[in-house]
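S.K.: For reference, the structure I am asking about is given below.
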Amino acid sequence: MSLDKDTVRRIATLARIRVDEDALEPLAGELNNILGWVEQLNEVDTEGVPSMTSVVETEPFKRSDTVDDGGKAEQVLANAPEEAEQFFVVPKVVE
Amino acid sequence: MSDLLKGRTGEWEMVIGLEVHAQVIADAKLFSGAATDFGAEPNEQVSFVDAGMPGMLPVLNEACVEQAVRTGLALNAEINLQSIFARKNYFYPDMPQGYQISQYEDPIVGEGEIVIDLPDGETRTIGIERLHMEQDAGKSVHDRHPTKTYIDLNRSGVTLMEIVSKPDMRSAEQAAAYVTKLRAILRYIGSCDGNMQEGSLRADANVSVRRPGEALGTRCEIKNLNSIRFMRQAIDYEAARQIEIIEDGSEIEQETRLFDSGRGETRSMRSKEDAHDYRYFPDPDLLPLRLEQGYVDALKASLPELPEAKKQRFMEAFGLSAYDASVLVAERETADYFETVAEGRDSKLAANWVMSELFGSLNKAELSLSESPVSAPSLGGLIDLIADGTISGRIAKDVFADMFETGKPAADIVEEKGLKQVSDSGALEAAVAEVMGANPDRVADYRGGNHKLIGWFMGQIMKASGGKANPQMVNQLLREKLDAGD
């Protein structure tokens, strides 16, 4: 697997990360190095081996259906760049 | 067959698949302890998990898992004992995490099916592809400011079930019947309230067209249909649009479209270069969800009787038609009401009274069944009075109107107003004799062969008795007396 400049530009856009045009080529090289390194795993035969989802075989912790949070709009909005009438305010989003 | 559409160049078949998003009934959210009530003040039901604050970890609400499994069982679907939560990555202001926690390759529920009821009493089986759990997003409000969008995260993190059908529907009517039936099932088992106005149930429709018997055409997805009526309009519009494009020699472009209910048309929603690439991957914050078969079996055993089983039972036990039975089982409340009325009584009479008089009066008064001034035992009491001959069916309609108005029991109204049917043969014979005596020429006419006149005599006697004369007895007496002189 090998990434070209266009793919890197696309990934950056999807991740909303601004990457200058002249940085795309070097970044593609770096990412390809990482991919190449990870691809070494393909040398191991994993036929019939179920994927490991956790290093510890444990049951996920579950919560009961109890309301024990919320009611703190002020704290939730504390970091908002802009707020009004207890809403977050963002630039107009129109589909 | 009648579902085929006529184009300029021949016939077309519509192919529809639906993705229904159903909000799970639970007090708290899927991964946090914030409340889910509708209509709270903005951002009052938001935990730091729902707000996507760094370092916050999701913890699965076990009641939501139970609801998803119960729903899967009610859809006759396979329950996957292991399922995996995945991140669906995209950016939108109402989704502060930057990803939606959903299920992708391993959903909690696999293939199932539901039987839909069509208006002609026919049924059709529609396949279910899968059901998975996911978080809802927040709400964007566009009309409070000219250049800004306001975001309320109260809905963020609320549990949704996405229920995906197979592309088994062939008309907007079938799609409507599917949503109606699915909604009924969800409401029966109490996993979703089915309230489309409040957004608890909304559908995305995948629509394509093809020549009958040919391979599937390219589909378009119409997003966020929040009423059955709009869904029908949107599907019909979309199919017609696609047929026109193909008949003009162009091709359908796969895309997401929105239905504009004001204009009654669909329009393109996202440009092509923005095509979605969600980069799903298993959520590292959540371990795979494992269920025991015993847990699933116990939930299965606790499910209530479902609409389809109830419909079959009503048809067999009460001799109802497929159509009547499907109307009566559409809501659990209606079915319970009917069963109380029908218990130990003439079931067809009970069905008629519930479906015509009661539903008619409720509709007119804009009341729901739970607000009905006439309770099921009370309507049963009225039917008892018809059955034992105390009142005629005609008088019963007046008594019912009175019951609906005042909430009084039928027997009291009949007593107070003196509406008891006259079944005393002596009194009826006298009435027959009187009418015959007053109209000798008509009697002669009848006896001369104009037997249709019996209706006129009936009318006179019923009128004279204020509708209280027992019509069967009057009819019998009239025949005896009139025919006696032949």
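The values are calculated or read from the model by the stated rules, or taken from the named source; none is laboratory data. Computed from a prediction, not measured in an experiment: that's the story for all the values here. Heads up, the Cβs are rebuilt from the backbone with ideal geometry, glycines too, and the neighbour counts pull from every protein chain shown. Protein only, heavy atoms only, side chains kept; ligands, DNA and RNA dropped before computing areas. Shrake-Rupley method; radii C 1.70, N 1.55, O 1.52, S 1.80 Å.
S.K.: Taking the Cα centroid of segment A:1-72 and of segment B:119-172, what is the distance between the two, rounded to the nearest whole Å?
M.R.: Taking the Cα centre of each part, segment A:1-72 and segment B:119-172 sit 28 Å apart.
S.K.: Shape of segment B:141-213 from its Cα gyration tensor (a ≥ b ≥ c, root eigenvalues): rounded if a/c is under 1.5, otherwise prolate when a/b > b/c, or oblate? Before the final figure, lay out the partial values.
M.R.: Working: a/c = 2.84, a/b = 1.50, b/c = 1.89.
It comes out oblate by the Cα gyration axes.
S.K.: I need to check one value: relative contact order of segment B:178-328, counting alpha carbon pairs closer than 8 Å and at least 6 residues apart, in percent.
M.R.: Numbers: 154 pairs, mean separation 25.9, N = 151.
Over segment B:178-328, the number comes to 17 percent.
S.K.: Using a 7 Å offset from the Cα along the Cα-to-Cβ direction at both B:Ala301 and A:Asn33, what is the distance between the two label points in nm, to one decimal?
M.R.: Rounded to a tenth, the inter-label distance reads 6.2 nm.
S.K.: In terms of the Cα gyration tensor, with a ≥ b ≥ c the square roots of its eigenvalues, is segment B:211-354 rounded because a/c is under 1.5, prolate because a/b exceeds b/c, or oblate? List each step's numbers first, then the result.
M.R.: Working: a/c = 2.89, a/b = 1.51, b/c = 1.92.
Since a/c reaches 1.5 but b/c is at least a/b, the shape of segment B:211-354 is classed as oblate.
S.K.: Compute for chains B and A the buried accessible surface, both sides summed, probe 1.4 Å, and express it in Å² to the nearest 100.
M.R.: Working: alone 24370 and 9510 Å², together 29800 Å².
Chains B and A together bury roughly 4100 Å² of accessible area.
S.K.: Rank these residues by their accessible area, most exposed first, probe 1.4 Å: A:Val19, B:Val209, A:Val49. If you can, show how the numbers build up before the last one.
M.R.: Values: A:Val19 40, B:Val209 5, A:Val49 95 Å².
Of A:Val19, B:Val209, A:Val49, the descending order of accessible area is A:Val49, A:Val19, B:Val209.
S.K.: Would you compute, from DSSP H runs of 4+ residues alone, the mean residue ellipticity of chain B at 222 nm, taking -39500 (n - 2.57) per run and dividing by the full residue count, rounded to the nearest 500?
M.R.: Numbers: 16 runs with 184 residues, N = 486.
Taking each H run of at least 4 residues, the total per residue is -11500 deg cm²/dmol.
S.K.: Evaluate the distance, in nm, between pseudo-label points positioned 7 Å from the Cα of A:Arg10 and of B:Asn224 along their respective Cα→Cβ axes.
M.R.: For the pair A:Arg10/B:Asn224, the computed spacing is 2.7 nm.
S.K.: Give the percent of DSSP beta bridges with both residues in the protein assembly as shown that are antiparallel, rounded to the nearest 5. Write down the numbers at each step before the final one.
M.R.: On the way: 60 of 67 bridges.
Roughly 90 percent of the DSSP beta bridges within the protein assembly as shown come out antiparallel.
S.K.: Under 5 Å between amide hydrogens, which residues at least 5 positions from B:Ser47 or on another chain qualify, with H placed 1.01 Å from N in the peptide plane?
M.R.: Close amide H contacts, sequence-distant or interchain: B:Ala34.
S.K.: How do B:Phe259, B:Phe281 stack up against each other in accessible area, from largest to smallest, with a 1.4 angstrom probe? Provide the component values of the computation, followed by the final result.
M.R.: Working: B:Phe259 30, B:Phe281 85 Å².
From most exposed to least exposed: B:Phe281, B:Phe259.
S.K.: Compute the relative contact order of segment B:5-299 as a whole-number percentage, counting only Cα pairs closer than 8 Å that sit 6 or more residues apart in sequence.
M.R.: Values: 655 pairs, mean separation 71.4, N = 295.
In percent, rounded to a whole number, it is 24.
S.K.: Of the heavy-atom accessible surface of segment B:347-486 (probe 1.4 angstrom), what whole percent is carbon and sulfur?
M.R.: Details: 3670 of 7340 Å².
Ligands and nucleic acids excluded, carbon and sulfur reach 50 percent.
S.K.: Can you put B:Ser423, B:Ser370 in order of accessible area, largest first, using a 1.4 Å probe? Could the numbers behind the result be given before it?
M.R.: Details: B:Ser423 50, B:Ser370 85 Å².
Descending order: B:Ser370, B:Ser423.
S.K.: Report the Cα centroid-to-centroid distance between segment B:58-99 and segment B:371-440 in angstrom, as an integer.
M.R.: 57
S.K.: Still on this structure, please answer the following. Going Cα to Cα from B:Lys463, which aspartates and glutamates come in below 16 Å? Please leave out same-chain ones fewer than 8 positions away.
M.R.: Hits, sequence-local ones excluded: B:Asp398, B:Glu429, B:Glu434.
S.K.: Among DSSP beta bridges lying fully in chain B, give the percent that are antiparallel, nearest 5.
M.R.: Working: 54 of 58 bridges.
Roughly 95 percent of the beta bridges in chain B run antiparallel, per DSSP.
S.K.: A further question on this structure: Mind giving me the FRET efficiency for A:Asp22 and B:Asp260? R0 is 51 Å, r the Cβ-Cβ distance, nearest 0.05 is fine. Intermediate results must be reported in sequence, preceding the final value.
M.R.: Values: r = 44 Å, r/R0 = 0.86.
Once the sixth-power term is evaluated, E becomes 0.70.
S.K.: At 0.36 nm per residue, minus the direct Cα-Cα distance, what do B:Lys408 and B:Tyr278 gain on full extension? Give it in nm, one decimal, please. Walk me through the intermediate numbers first.
M.R.: Values: separation 130, 0.36 × 130 = 46.80 nm, distance 6.18 nm.
So the extension gain works out to 40.6 nm.
S.K.: Past the 23 Å Cα-Cα mark, which pairs from B:Lys310/B:Lys408; B:Lys452/B:Lys481; B:Lys181/B:Lys311; A:Lys72/B:Lys29? Could the numbers behind the result be given before it?
M.R.: On the way: B:Lys310/B:Lys408 31 Å; B:Lys452/B:Lys481 15 Å; B:Lys181/B:Lys311 12 Å; A:Lys72/B:Lys29 16 Å.
Over 23 Å Cα-Cα: B:Lys310/B:Lys408.
S.K.: Just to verify a number: FRET efficiency for B:Tyr323 and B:Ser356, C-beta to C-beta distance, R0 = 22 Å, to 0.05?
M.R.: Details: r = 13 Å, r/R0 = 0.61.
The calculated FRET efficiency here is 0.95.
S.K.: Search the structure for amide H atoms under 5 Å from the amide H of B:Arg130, placed 1.01 Å from N in the peptide plane, and list their residues when 5 or more places away or on another chain.
M.R.: So B:Arg130 has HN proximity to B:Val164.
S.K.: Here's another thing I want to ask about it. Can you give me the accessible area per residue for chain B, using a 1.4 Å probe, in Å²? Display every interim value, and only then the final one.
M.R.: Numbers: 22380 Å² over 486 residues.
In whole numbers, chain B has 46 Å² accessible per residue.
S.K.: Further question on the same structure: From the Cα gyration tensor of chain A, with a ≥ b ≥ c the square roots of its eigenvalues, which class applies: rounded if a/c is under 1.5, or else prolate if a/b is larger than b/c, or else oblate? Mind dumping the intermediate values first?
M.R.: Working: a/c = 3.71, a/b = 1.27, b/c = 2.92.
Oblate, because a/c is 1.5 or more while a/b does not exceed b/c.
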